[in-house]
Amino acid sequence: MSITPVRRTAHAVRSDAAATRRTPTGRAWVDGAWRLAEALTSPLVPADYLDLLDPLRSGAELRGRVVAVDHETADAVTVTIRPGRGWAGHVAGQYIRIGVDVDGVRHWRAYSLTCPAAPTADVIAITVKAIPDGVVSGHIVRALRPGTLVALDQATGDFVLPDPLPPRILFLTAGSGITPVAGMLRTLREEGRLGEVDVVVHHAAPRADEMIFAGLLRELDGAGLIRLVARHDDEDGMLAMTDLETVVPDWRERQAWVCGPTGMLDAAEEHWSTAGLADALHTERFRPPLVDAGEGGEITFVDSDVTVEADGGTTILDAGEDAGVILPSGCRMGICMGCVVTLRQGAVRDLRTGETTVAEPGDGTSIQTCISAVAGSCDLEA
């Protein structure tokens with residue numbers, strides 16, 4: 001009797017392996033092997049070693065590797081990041097949360113994406129301006145280097161352009177408020193749509209050398225793709241909304257996207273509302289609008305065994321960080337829910353609305369520390 005050898009293809013071998021995993025015996029073998037790997041790598045887990053070998057792999061916590069850090073002004077940089085394979089892309093105008101390790105502590109902040117929203121792009125970019133006493137922004141501008149790994153969240157935000165585009169657009173920005181608009185302009189240019197609509201960009205900065213993306217804006221203006229109105233507050237004074245009658249006479253006929261300091265946004269909302277054009281205004285705030293401060297009080301961070309006094313206008317997040325308490329955070333404006341902790345007992349006040357939340361032991365009430373202040377006293381699980 002002759003025996004004919006059977007040649008097994010790689011596909012057949014993989015299929016048999018998959019079938020083995022699906023059988024009770026196969027599952028037990030895989031589970032046992034994984035437990036052995038966990039025992040050998042303890043106190044770490046096998047995934048920790050995979051992260052060392054390929055931190056941007058699919059299935060891992062979303063991370064990115066810094067590719068470049070380029071100065072836009074003396075105190076603003078554009079950070080180019082290659083995200084991990086779990087990155088889902090973004091829409092122009094959206095922002096991401098980025099986790100940066102500073103002195104061994106991970107801090108989360110939210111920054112607008114300033115790169116084109118190209119589906120095939122393998123890198124993304126954010127632009128960060130250092131703010132006085134800003135732990136994260138200062139670190140990014142002065143100390144972040146190419147090669148650094150950062151944690152990422154998926155893009156979010158609704159400060160985006162509609163499709164189809166309105167025929168006339170006004171971008172009204174100041175300071176770092178230009179960042180989401182830069183992403184929009186770059187995306188429209190890459191898609192070949194920037195010349196199809198009438199776009200006016202009114203951008204303000206204290207001085208010419210502090211104007212973020214001045215080169216990009218002048219390039220687009222010179223090519224006839226936008227009309228740029230550049231304002232230098234130290235020379236021209238700050239924009240009053242009534243100035244629009246002169247600098248953008250047809251502002252009433254345009255859909256407007258406005259981003260910048262809180263005072264400018266408040267003035268724009270009042271101006272458009274008074275004109276009966278509130279539906280034509282779209283705003284992006286980097287800080288939430290706050291009501292007048294109420295009474296402060298005593299904050300106890302139970303897990304950290306720290307108690308501090310804070311006034312009614314200081315957020316619990318700021319009060320805790322000033323006292324050395326490590327607290328979760330993200331956008332710092334009440335959107336991303338990255339700062340949520342449990343209020344064990346006491347009262348806090350929402351600085352956006354003035355509403356007070358009261359909790360008793362056992363309630364398990366969650367609050368956002370970035371937009372809440374103590375109202376009398378409170379104990380937090382943090």
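One table, with the values for the structure above:
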item: Boolean, E270 is charged (D, E, K, R), at pLDDT below 95 and either in contact with a helix residue (DSSP H, G or I) (Cβ under 8 Å, 6 or more places away or on another chain) or surrounded by 17 or more Cβ atoms within 10 Å (Cβ to Cβ) (or both); result: no
item: Test: residue in segment 287-299 that is surrounded by fewer than 13 Cβ atoms within 10 Å (Cβ to Cβ) and over 30 Å from T342 (Cα atoms); result: no
item: Residue among L161, L188 that is crowded, with 18+ Cβ neighbours inside 10 Å, out of contact with any Gly (no Cβ under 8 Å at 6 or more places or on another chain), among the hydrophobic types (A, V, I, L, M, F, W, C) and in contact (Cβ under 8 Å) with a residue 24 or more places away in the chain; result: L188
item: Selected residue (criterion: surrounded by the most Cβ atoms within 10 Å (Cβ to Cβ)) from residues of segment 78-131 that are outside any loop (DSSP other than H, G, I, E, B) and of a type in the set (F, W, Y); result: Y95
item: Hits in segment 221-234 (condition: within 10 Å of G195 (Cα to Cα) and of a type in the set (A, V, I, L, M, F, W, C)); result: A223, L225, I226
item: Answer from T262, T307, T314 - the residue that is surrounded by 17 or more Cβ atoms within 10 Å (Cβ to Cβ) and polar (S, T, N, Q); result: T314
item: Segments classed as strands (runs of 3 or more DSSP E), wholly inside segment 332-382, with at least 3 members that are among the aliphatic types (A, V, I, L, M) and crowded, with 17+ Cβ neighbours inside 10 Å; result: 340-350, 372-381
item: Scan of segment 164-194 for residues that are over 22 Å from A121 (Cβ atoms) and more than 19 Å from the chain's Cα centre (by Cα), ordered by number; result: P164, P166, P167, R168, I169, L170, F171, L172
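Each row is one residue, and each column tells you yes or no for (1) farther than 23 Å from A125 by Cβ; (2) of a type in the set (G, A, S); (3) touching a residue at least 60 places away in the same chain (Cβ under 8 Å); (4) surrounded by fewer than 19 Cβ atoms within 10 Å (Cβ to Cβ).
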residue: A223; (1), (2), (3), (4): no, yes, no, yes
residue: M238; (1), (2), (3), (4): yes, no, no, yes
residue: W251; (1), (2), (3), (4): yes, no, yes, no
residue: R254; (1), (2), (3), (4): yes, no, yes, no
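The values are calculated or read from the model by the stated rules, or taken from the named source; none is laboratory data. Source: prediction; values computed, not measured. In this analysis, Cβ positions are derived from the backbone assuming ideal geometry, glycine residues included, and neighbour counts consider all displayed protein chains.
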